[in-house]
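Q: Quick one: structure below, then a few questions.
The values are calculated or read from the model by the stated rules, or taken from the named source; none is laboratory data. Because the structure is a prediction, the values reported are computed rather than measured. Here Cβ is always computed from backbone atoms with ideal geometry, including for glycine, and neighbour counts include all displayed protein chains.
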Amino acid sequence: MARDWKPEVDLDMASADDVVCAQFPGFAEETPGFLGRGWDNYCILYPSGTAFRLPTRTMGAHAMVCETVVLPQLVGRLSLPIPEPTYFGCPSDAYPYPFMGYRPVAGVCADQVSLSSDEEFAAAEALGAFLRGLHALPVQDVDGLPLDTLGKADPERLMQKIASRIASLEQLPPQDFEAVMQALERCRRLAEWAIPSPRRVPIHGDLYPRHVMIESGRVCGVIDWGDAHAGHPAVDLSLAFTMFGPESRERFWEAYGSRLDAGDEALARLRAGMYGVALLAYGLDQDDAVCASLGRRILGSFEA
């Protein structure tokens, strides 16, 4: 299958800076640094402390619109920091997408660090409490919150994504091939057991370790809200199976305030399996060893 993370608009430091300065000339006297590149965005950071995320694909642009609508309504209402947009760029002849500037959340992505047992327990408590607060918000209190149009809680569509990702993996080392095939069989069983409840709440929509920020061993924020929507809480609660082992997972559920029933838990585990396969595929394709390692770790533990 085609790699769906390939950019439709190529950006580098110079072109991203040109896009920003054309609409916000106050940054013209600064030289930005590279902040990161994701599946859908290219990010730069100016010395004065403002980061800009610029979509590189149409899907990323749609997600950016969602963020600019939803994030300002959530700032200050949750137990952990989230990005607060302060600059809103518009499409132009030179660049076809909207883009956003904000003061970045401190720290580094959780997949970049190793937490001690105590730190992992604390992270589980912090993120369980964070999701309890987010999921307790009435859907009608967040204007413009979209519905799930991508089937994020649909077991059949999740299995289609998993199978497509696996088909995209080429020349896997033997140990990876065995792990992927075992994960595929586990996912097939989970898809049969997953019977999601009808509950719908405000959710982040794409919550896994790369969207959790860590500083000095502590969770300090949650980023990348482009997939936020009114959806099934198990979509977010898959984090319990992508970030935590069984012991710290118990802390997570205690902080969240409840466990999932069997059908919903199967859905959360299935999404964790989807992340494992997708991260391994992306990491191998992009020579991102940390991402591939995270995918392997998830595939080795998401059913534990």
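Q: From Ala179, Ala163, grab the single residue that is in contact with a helix residue (DSSP H, G or I) (Cβ under 6 Å, 6 or more places away or on another chain), surrounded by fewer than 20 Cβ atoms within 10 Å (Cβ to Cβ) and in a helix (DSSP H, G or I).
A: Ala179
Q: Can you pull out the residues in the stretch 255-279 that are closer than 20 Å to Ala179 by Cβ and either outside the structural domain of Ala163 (by TED's automatic domain parsing) or in contact with an Asp or Glu (Cβ under 7 Å, 6 or more places away or on another chain) (or both)?
A: Arg269
Every residue, every condition in (1) surrounded by fewer than 17 Cβ atoms within 10 Å (Cβ to Cβ); (2) among the charged types (D, E, K, R); (3) assigned by TED's automatic domain parsing to the domain that holds Arg271, yes or no:
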{"residue": "Phe99", "(1), (2), (3)": "no, no, no"}
{"residue": "Ser114", "(1), (2), (3)": "yes, no, yes"}
{"residue": "Ala123", "(1), (2), (3)": "no, no, yes"}
{"residue": "Gly128", "(1), (2), (3)": "no, no, yes"}
{"residue": "Leu134", "(1), (2), (3)": "no, no, yes"}
{"residue": "Thr149", "(1), (2), (3)": "yes, no, yes"}
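Q: Another one. Working only within the stretch 185-213, note down all residues that are of a type in the set (A, V, I, L, M, F, W, C) and either part of a loop (DSSP other than H, G, I, E, B) or more than 16 Å from Leu299 (Cα to Cα) (or both). I'd like the intermediate steps shown before the answer.
A: Narrowing the stretch 185-213 to residues of a type in the set (A, V, I, L, M, F, W, C): 187, 190-191, 193-195, 201, 203, 207, 212-213.
Within the stretch 185-213, Trp193, Ala194, Ile195, Val201, Ile203, Leu207, Val212, Met213 qualify.
Q: Need at least 1 residues that are modelled with pLDDT under 95 and either of a type outside the set (Phe, Trp, Tyr) or surrounded by 20 or more Cβ atoms within 10 Å (Cβ to Cβ) (or both) per element, so show me which helices (runs of 4 or more DSSP H) inside the stretch 230-304 make the cut, counting only ones lying wholly within it. Don't jump to the end; show me each part of the working.
A: Numbers: elements: 233-237, 239-243, 246-256, 262-285, 289-301.
Qualifying helices (runs of 4 or more DSSP H): 246-256, 262-285, 289-301.
Q: Hey, another quick one. Could you please find all residues in the stretch 46-58 being buried (at least 17 other Cβ atoms within 10 Å of the Cβ) and more than 16 Å from Tyr95 (Cβ to Cβ)? Explain how you work it out, then say what you get.
A: So the first thing to find is which residues in the stretch 46-58 are buried (at least 17 other Cβ atoms within 10 Å of the Cβ), and the list is 46, 50-57.
The answer is Tyr46, Thr50, Ala51.
Q: Of the residues in the stretch 112-145, how many are outside any helix (DSSP H, G or I) and farther than 21 Å from Glu250 by Cβ? Give the derivation first.
A: Initially, the stretch 112-145 is screened for residues outside any helix (DSSP H, G or I), giving 113-116, 137-138, 142-145.
From what's left, farther than 21 Å from Glu250 by Cβ: 113, 137-138, 142-145.
Residues that pass the stated criteria total 7.
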